[in-house]
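Coordinate-derived values only; no laboratory data. Since the model is a prediction, treat every value here as computed from it, not as a measurement. Note that we place each Cβ from the backbone using ideal geometry, even for glycine, and neighbour counts take in every protein chain shown.
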Amino acid sequence: MNAEIIAIGSELLTPERTDTNSLWLTAQLNELGIEVTQKLIVGDDRDRLATAIAASLGRVPLLILTGGLGPTEDDVTRDAVAQALQRRLLFSQTICDEIDARFARAGRKMAEINKRQAFVVEGADKLSNPNGTAPGLWLDVPGGMLMLLPGPPREMMPMFSDLCLPLLRARVPQLAIRKRFFRVAGMGESDLDALIAPIYKPYTNPVTTILAAEGDVQIHLRARCESEEAAETLVEELGGKILATLGARVYSLNGDPLETVVGHILRDRKETLAVAESCTGGMLGARITDVPGSSAWFLGGFQVYAAEMKARLLGLDQKTLDEHGAVSEAVAKAMADSTRDRTGATYALSITGEAGPESQTPGIEPGAVWIGLATPSGVDAKMFRFFSGRNRVRKMAVQTALNLLRFRLS
């Protein structure tokens with residue numbers, strides 16, 4: 001079964017608010033084997049919302065609406081549903097009395113405007129809301145189901161879990177769902193897809209989704225079958241083919257980020273790491289210390305943004321800085337080597353580069369980054385060119401540094 005979700009509220013179309021309800025509802029529906037095929041945000045406009053509702057009900061058998069059930073004039077969800085279904089809105093004295101009693105228990109008098117929440121779309125069943133004044137509604141419509149849920153998560157979540165889920169379980173064929181989640185570093189989304197698209201395209205089940213961030217590509221596989229065994233067989237089959245193709249580029253099979261994977265290797269080997277950062281200004285150390293228990297393998301680091309700090313804190317030879325420049329192979333190597341020597345760490349990473357938007361180093365273009373790695377067997381450095389803005393350059397540098405260490409540890 002497929003479903004769509006419409007989040008209602010003009011505030012959700014502003015930068016200050018995020019629609020988190022749809023994310024939570026999608027996870028709940030997926031566990032039932034229901035695929036969410038579209039999500040939509042619609043402002044507080046009755047006609048526009050009614051058009052969106054009618055269109056969704058023409059595509060899918062399940063539509064969930066969240067928000068717009070309050071007492072004010074801009075809460076138009078009930079009106080829009082009635083318009084889309086060409087049904088009447090009927091006043092429920094029972095609901096009105098329940099809302100009035102709720103206010104009385106709080107020592108308040110119900111405002112006249114709250115009576116708007118007592119209107120029910122003709123043919124709807126009320127969904128009680130012990131956490132707020134807005135009841136939800138459930139409607140059986142030709143060919144499907146329609147839910148009206150309140151917008152505040154503290155009201156919406158328990159209403160869906162306690163009242164809607166049992167109704168859905170009774171009406172939706174139960175499917176077993178099995179998932180696989182791979183994380184890949186060291187290649188871009190387009191390069192990765194060129195490799196694995198011929199593998200996953202013949203499969204309509206499992207469904208394959210590819211998501212990309214700075215230096216990190218995620219592959220999600222989800223199989224839906226009548227039995228757990230069948231679903232497991234499908235994800236194992238497709239996942240095995242993908243793993244065989246990507247090999248060591250896959251760094252995580254359980255969703256762990258790169259810093260966690262590297263940290264666990266170091267911890268298990270009883271080895272340690274220290275860092276020296278210039279253009280990333282502490283981002284690498286922050287990623288590492290986000291991992292619980294990182295104190296077992298991370299000793300610390302140096303933020304040496306200015307050239308004089310590279311000399312003062314790391315003891316780099318001023319002649320090396322003058323001859324090669326702060327963004328160079330020689331300086332990246334010296335930073336890593338000195339960091340390892342001064343901290344006693346097993347490994348040391350260094351990052352020096354020009355993040356942009358303009359270069360401060362003659363002859364070095366923005367996006368050029370040298371990453372150094374000092375190990376018990378020596379020190380090396382490699383130059384990378386990253387693009388698309390200062391913040392992305394810095395994030396890519398951190399991810400690439402961690403991935404270089406991962407490959408060395410492997």
Two-decimal ratio, region 1-109, of alpha-carbon radius of gyration to 2.2 N^0.38 Å: 1.21
Dimensions (Å) - region 258-409, Cα atoms, principal axes, largest first: 43, 33, 22
Run down the aspartates and glutamates and flag those whose C-alpha is under 16 Å from the C-alpha of Lys115, throwing out any fewer than 8 positions away in its chain. Glu73, Asp74, Asp75, Asp79, Asp97, Glu98, Asp100
Helix-only CD estimate at 222 nm, as mean residue ellipticity for the chain, using -39500 (n - 2.57) per DSSP H run (n ≥ 4): -12000 deg cm²/dmol
Return the aspartates and glutamates within reach of Lys310: Cα separation strictly under 17 angstrom, same-chain partners fewer than 8 residues apart disregarded; answer none if there are no such residues. Glu277, Asp322, Glu323, Glu329, Asp337, Asp341, Glu354
Fraction in percent of alpha-carbon pairs per bin - 10 Å, region 175-324: 10, 28, 25, 21, 10, 5, 1, 0
How many angstrom lie between the Cα centre of region 240-311 and the Cα centre of region 181-221? 23
Measure out, as a whole number of angstrom, how far apart the alpha-carbon centroids of region 27-74 and region 106-150 sit. 15
Note down the magnitude of the dipole of the chain about its Cα centre, charges +1 on Lys and Arg C-beta and -1 on Asp and Glu C-beta and zero elsewhere, to the nearest 20 debye. 460
Given pairs Lys333/Lys382; Lys39/Lys126; Lys39/Lys241; Lys39/Lys201 and cut-off 20 Å on Cα-Cα distance, the over-length ones are Lys39/Lys126; Lys39/Lys241; Lys39/Lys201
Grab the alpha carbons of the chain, take their convex hull, and tell me the volume per residue in Å³. 194
Just to check, using Stokes-Einstein with a Kirkwood Rh over alpha carbon pairs, what's the diffusion coefficient of region 299-388 at 37 °C and 0.692 mPa s in µm²/s? 251
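What are the semi-axes of the equivalent ellipsoid of region 17-57, taken as the square roots of 5 times the eigenvalues of the Cα gyration tensor, listed largest first and rounded to whole Å?
Semi-axes, largest first: 22, 14, 6 Å.
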Sorted largest first, the Cα spans of region 176-252 on the principal axes come out in Å as 37, 21, 18
